[in-house]
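K.L.:
Sharing a structure, written as structure tokens. Questions coming.
Every number in this text was worked out from the coordinates using simple rules, so none of it is lab data. Keep in mind it's a predicted model, so treat the numbers as computed, not measured. Here the Cβ is made from the backbone with ideal geometry for all residues, glycine too, and neighbour counts use every protein chain on show.
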Amino acid sequence: MVEYTHHIPPECHEAVEVLFFDDDILVVSKPSGLLSVPGRIVKDSVINRMVVDFPDLRAVHRLDLDTSGLLVFGISQLAVSELNRQFRERTVLKEYVAEVHGLIDDDIGEIDLPISADWENRPRQRIDYETGKDAQTYYEVMSRGDNDTRLRLKPKTGRSHQLRIHLAEIGHPILGCDLYAHDVALSRSPRLCLHAEVLGFEHPRSKERLSYTSPTPF
């Protein structure tokens, strides 16, 4: 079932960048501020922009509205089934870059905190040790500034808002995050500093291992 958004974002004027397509798949880089799939009110989305040229396009995963970066879509039924399987079995390589508030001491680390929906404060999620689903995020420090750290994030699981809430929970919210950052971190960037930079998967028909990169725009 499609999960629709109730948030009405400003109009996104940036284009969707097409990196690859064939009869089975479409790989794009999405700008921040554009939905992956249409919402109840806002219809502008990657799907609706691409469906004119790719009428059989179907989503197999999504990025948050404010997250930019790589998405793969299925075109053929074979591709939809195979890509869904790969995401389900966690064989898809996903790497993100984030700019977070504060200095993280450890060069590498893992965040292992269960997540559930915060129904009273939708669309927010929450850390929930009783009924939350397991969620693991690995991180590597790329660089440190005066009061910020650039991280490479490798999520093992794919829970909603996982990277945003995990980093906020350990005291290092992503800059520009309007859901989980405190006022100082929110004010430090006009956009969410989270970008899906690397996406790797097996081509559903040829079985070739593919990898795509989208340079981080912040």
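K.L.:
Sort the following peptides by mean Cβ neighbour count (other Cβ atoms within 10 Å, averaged over residues), highest first: 197-209, 165-177.
P.N.:
On the way: 197-209: 15.9, 165-177: 22.2.
Packing proxy ranking, top to bottom: 165-177, 197-209.
K.L.:
Further question: Could you let me know the centre-to-centre spacing of the range 106-134 and the range 26-70, using Cα atoms, in angstrom?
P.N.:
25
K.L.:
Rounded to the nearest 500, what is the chain's calculated 222 nm mean residue ellipticity when only DSSP H runs of at least 4 contribute -39500 (n - 2.57) each, over all residues? Write out the running numbers ahead of the final one.
P.N.:
On the way: 4 runs with 30 residues, N = 218.
Here the helix-only value at 222 nm equals -3500 deg cm²/dmol.
K.L.:
Cα axis of helix 77-88 to longest principal axis of the chain: angle in degrees, 0 to 90, nearest 10?
P.N.:
The angle comes out at about 20 degrees.
K.L.:
When H61, H182 are ordered from fewest to most other Cβ atoms inside 10 Å of their Cβ, what list results? Each step should come with its number before you reach the end.
P.N.:
On the way: H61 17, H182 12.
The fewest-first ordering by Cβ neighbours comes to H182, H61.
K.L.:
Also, quick follow-up: Taking the Cα centre of the range 29-118 as the origin and placing charges on Cβ (Lys, Arg +1; Asp, Glu -1), which of L78, S32, A98 is farthest toward the positive end of the dipole?
P.N.:
Going by the charge dipole, the pick is L78.
K.L.:
Report the one residue of G109, A168, A15 whose Cα lies farthest in the direction of the positive end of the charge dipole of the chain (charges on C-beta: Lys and Arg +1, Asp and Glu -1; origin at the Cα centre).
P.N.:
Result: A15, furthest along the dipole toward the positive end.
K.L.:
Can I ask one more? Let me know the charge dipole size of the range 119-218 about its Cα centre in debye, to the nearest 20, where only the beta-carbon of Lys, Arg (+1) and Asp, Glu (-1) is charged. Please report the intermediate quantities before stating the final value.
P.N.:
Numbers: 16 positive and 13 negative charges, 74 e Å.
So the magnitude is around 360 debye.
K.L.:
When Rg is the radius of gyration of the Cα atoms in the range 61-218 and Rh is its Kirkwood radius, what does Rg/Rh come to?
P.N.:
Rg divided by Rh gives 0.98.
K.L.:
Here's another thing I want to ask about it. With +1 assigned to the C-beta of every Lys and Arg and -1 to the C-beta of every Asp and Glu, and no other charges, what is the dipole magnitude of the chain about the Cα centre in debye, to the nearest 20?
P.N.:
Around 440 debye, computed over the chain.
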